[in-house]
Amino acid sequence: MWLKGKFFLSGEIVEACVEFDTQIRNIRNNCKPDLETPNDTIVVPGAVDMHVHVRGMELAYKEDVTSATKEATYGGLTLIVDMPNTSPYVRDKKTIKEKLSEFEYYSRCNYGIYSGVPNEGENVEDMPIAGYKIFPEDLWKKETENILKNSRKLKILHPEVPLYLFRGTRLSWMELASLYMVSGGKRVHITHATTIDTIAISKKMGFTVDMTPHHMIVDGERDCLSKVNPPIRDITERNKLIQGIHEVDALVSDHAPHAKWEKNMPYEVCPPGIAGLSFTVPFVFSLSFKGIISLGRAVQLVSTNPSKILGIKYGEIANEYPANFTVIKRENWRYHTVFSKTTYTPMDGYPLDARVYMTIVRGKVAFLDGEPLPVKGANVFDKNS
Ligand SMILES: [Zn+2]
């Protein structure tokens, strides 16, 4: 298929034609296109979210693979990587296979999954996973040490010290302190940094680091809607964190949906987590249209860099790369979720300047002008797929 439009190629916007099947085969100035994108759109490399809680399995009442991946394509995402803290917990061969088969049947975009830190005696290193998620409570485990030392795969750390679990406090030094507990580890990535210091120290220690839009823009007043782990910091810290958009390697959603009745519970008992899978991509391109960051920087944050961190050939429009594209339209609108089971999010109504017009996954249109289409995604961490 030939796609004609304005592409973001080698750092600039150019009128071009790209031929692809599941991979990009040819890039030319002119062609007889099978599909043409509207004039007010830009085709960028398929966006990636490396931190998503799809839920599924016993937690499918909160979100499942179909609802999450439809929402993902509405948000311009062509690849999402799922977290293991589900029910059952994904950290052995059996649960990894179960989780992957849910994605294999239902995913409308490309996917990957992280394993949790396995129990002693369990080894999942050869499974087709993206890497390991290390939670604060894992930091004391012997197996975590083993993974940090010996695994070739990505280790993605939720940066807080385990202490908070017992005292209920979540101070920002606890985030910084946790970085030293993984020092010396290879391929360590720090996720959802909430302070500018965490970003700076992570980079100094040789780690890659990401942050979420909600830690920058949501007010952390004591309501369940904005209750999240790690917590949203005060306004001074948040204002400093906004500068992090020039420093971090990637942006992630940390989409963590809950049922409405759960978020309606009193603050002390309601579960932490903010939903907003489809927010990150329009948000980052809005920043670019406002002139806060360049278009190239927006592409880096949601496409090129997360692909590099994940260690996959992805996130570029070039020959022999997989044919995943996100088509961005300049438009003023107010954000809302559509396909996710969770409609409640603190970003609801947030004014944006960019919208996703089309999402192409493995060479097929997975979302077009408001409508998701039934496309089958692949596990990009499975060498046989
Ligand atoms: Zn998370």
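Where a number appears in this text, it was derived from the coordinates with a stated rule and is not lab data. Just so it is clear, the model here is predicted, and its values are computed rather than measured. A quick note on method: Cβ atoms are made from the backbone with ideal geometry, for glycine too, and the neighbour counts reach across all protein chains shown.
A few points about this structure:
- Extension gain, Asp40-Trp261: 0.36 nm per intervening residue step, less the Cα-Cα distance, totals 75.5 nm.
- Considering only Val299, Tyr344, Ala378, the residue lying farthest towards the positive end of the dipole of region 286-381 is Ala378, judged by Cα position with unit charges set on Cβ.
- Helical runs assigned H by DSSP (4 residues or longer) give the chain a calculated mean residue ellipticity at 222 nm of -6500 deg cm²/dmol, each run adding -39500 (n - 2.57) before division by the residue total.
- Amide H contacts for Gly131 (H built 1.01 Å from N in the peptide plane; partners 5 or more residues away or on another chain; cut-off under 5 Å): Ser115.
- Taken over region 57-205, the percentage of Cα pairs per 5 Å bin, counting from 0 up to the bin with the maximum distance, is 2, 9, 18, 19, 18, 16, 13, 6, 0.
- Cβ screening of the chain for cysteine pairs under 4.7 Å finds these without a partner: Cys109.
- Two-site FRET efficiency, Glu145 against Glu237, from Cβ-Cβ distance with R₀ of 22 Å, rounded to 0.05: 0.10
- Ordering 191-204, 100-113 by mean Cβ neighbour count within 10 Å, with the highest value first, yields 100-113, 191-204.
- For the pair region 256-274 / region 321-343, the C-alpha centres are spaced 25 Å from each other.
- Taking the C-alpha atoms of region 46-317, convex hull volume expressed per residue in Å³: 124 Å³
- Gained length - Trp333 relative to Lys203, 0.36 nm times residue gap less alpha-carbon distance: 43.3 nm
- Fraction in percent of alpha-carbon pairs per bin - 10 Å, region 165-285: 13, 42, 35, 10, 0
- The aspartates and glutamates whose alpha-carbon is closer than 14 Å to the alpha-carbon of Lys260, local same-chain residues fewer than 8 away aside, are Glu63, Asp223.
- The amide H of His189, built 1.01 Å from its N in the peptide plane, has Lys155, Ile156, Leu157 as neighbours under 5 Å, considering only residues 5 or more places off or on other chains.
- Rg/Rh (Cα only; Kirkwood hydrodynamic radius) as it applies to region 234-356: 1.00
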